[in-house]
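Undergrad: Below is one structure. I have some questions about it.
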Amino acid sequence: MRSLDHVALTVPDLHQAIAFFVEHVGGEFVFLDGPFADDEGDGMTRRLNVHPEATCTLAMVRLGRINLELFEYSAPSGRRHNRATATSGGTISPSMSTMSTRRARICRTFRASR
């Protein structure tokens, strides 16, 4: 492997995750996009194994040479959808306060990779 372009994580609250990675880890906010949905079929289920009416919003945060792609899924009832039960992909689901207690270790790890 020559390089790593990005890492994707599913988060319970996209705006809190953006704030965490920018304010506490030193990331650079790049963009926010979505929400995305498949209004005409079951594309969300076929592609992502989530409810067919679920929506997905994403953001990109740059951490040195690595881009962190953050995803938040919402179920049709308005509740946030925990995609962790639907896939083996990367997921961050602890509360932001729990994440903040781990801030020093995370900051050292990401800053060392710059």
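Bear in mind that the values in this text are calculations on the coordinates, not laboratory data. Note that the coordinates shown come from a computational prediction; the quantities given were computed from them, not determined experimentally. When we count neighbours, we look across all protein chains shown, and the Cβ atoms used for this are built from the backbone with ideal geometry, even at glycine.
Undergrad: For the pair residue 75 and residue 22, how long in nm is the line joining their label points, each one 7 Å along Cα→Cβ?
TA: Taking the simple label geometry, residue 75 and residue 22 are separated by 3.0 nm.
Undergrad: Find how much the distance from residue 9 to residue 36 grows on full extension, using 0.36 nm per residue of separation minus their present alpha carbon separation; answer in nm with one decimal. Could you put the intermediate results ahead of the total?
TA: Numbers: separation 27, 0.36 × 27 = 9.72 nm, distance 1.64 nm.
Fully extending the segment from residue 9 to residue 36 adds 8.1 nm.
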